[in-house]
Structure formats: structure tokens, C-alpha cells
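See structure below.
Derivation of every value follows stated rules applied to the coordinates shown; laboratory data play no part. Keep in mind that what you see is a predicted model, and the values were worked out from it rather than measured. Heads up, the Cβs are rebuilt from the backbone with ideal geometry, glycines too, and the neighbour counts pull from every protein chain shown.
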Amino acid sequence: MKLLKSIIFSAFAFLALQASAAPDMLADRHVQKGNTCAACHTENPPAQTVPTSQCQKCHGDYEALKQKTSSLKPNPHYTHMGDQPCEECHKGHSTPVNMCATCHKIKLNVK
């Protein structure tokens with residue numbers, strides 16, 4: 001049990017160091033707004049990706065996201081691809097991905 005706690009602590013420390021070294025990461029922005037790792041990572045030990053259902057608890061469902069980003073052209077949450085998992089574009093501890101740009105010449109500021 002002590003070893004498991006040590007491993008979990010080390011993992012969180014590693015993630016915290018990564019976050020402090022890369023201030024543009026999604027996890028960093030969540031921390032800056034007062035969230036802890038447990039706000040998104042509800043499982044123990046933390047999974048590598050947070051499920052969309054967890055993101056939606058704070059950010060709303062797909063319809064709410066489409067409305068929030070309706071002023072963006074194109075609207076990244078209203079696409080011909082349908083409702084995509086958040087982690088397709090939004091990466092908690094790494095560089096976000098503009099999935100639209102894999103096929104289209106579209107510039108989006110993905111955070």
C-alpha cells in the first residue's frame with residue numbers, strides 16, 4: 001500500500017512538473033482557475049485521458065459547446081464529423097491537435 005501511494009504521489013509530482021514547464025497546456029489553465037488534478041481525473045490512479053463525460057460536467061454537452069463557439073468560423077464543435085470525443089483535439093498534458101486540419105486547410109486556435 002505504501003508503494004502504491006508513493007507511485008501515485010510520484011505520478012502527480014511528475015504531472016505537476018510537466019504542467020509548470022509548459023504553461024500553455026490545458027491542465028495548466030485548469031490549475032490556474034483553481035482546479036486540482038482530481039477535478040478531471042476522478043479515477044485512481046489517473047487515466048491518461050479524461051473521458052468526454054467528465055469534461056461535459058463543467059463545459060456542457062455538445063449542444064452547449066456548439067452554442068459557446070458559434071461565433072467561430074468554422075465552428076469547431078459543429079462539424080460534419082459529428083460529436084467527437086474532447087480528447088481528439090484537447091490534450092491535457094500535451095500540445096492540442098487541430099483535427100480539422102488533417103483534411104482541410106483550416107486554422108483553428110485549439111487550446
| remark: With residue 27 itself left out, Lys, Arg at +1 and Asp, Glu at -1 over residues whose Cβ is under 12 Å from its Cβ give +2
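Excluding residue 48 itself, what net charge comes from residues whose Cβ is under 12 Å from its Cβ, given Lys and Arg +1 and Asp and Glu -1? Walk me through the numbers on the way to the answer.
Values: positive: 91; negative: 43, 87.
Result for the neighbourhood of residue 48: -1.
To the nearest 20 debye, what charge dipole does segment 26-80 have about its Cα centre, counting +1 at the Cβ of each Lys and Arg and -1 at the Cβ of each Asp and Glu?
Values: 6 positive and 4 negative charges, 49 e Å.
It works out to roughly 240 debye.
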| task | Could you tell me which trypsin sites (Lys or Arg not before Pro) in segment 22-94 are loop residues by DSSP with no more than 12 other beta carbons within 10 angstrom of their beta carbon? | result | 33
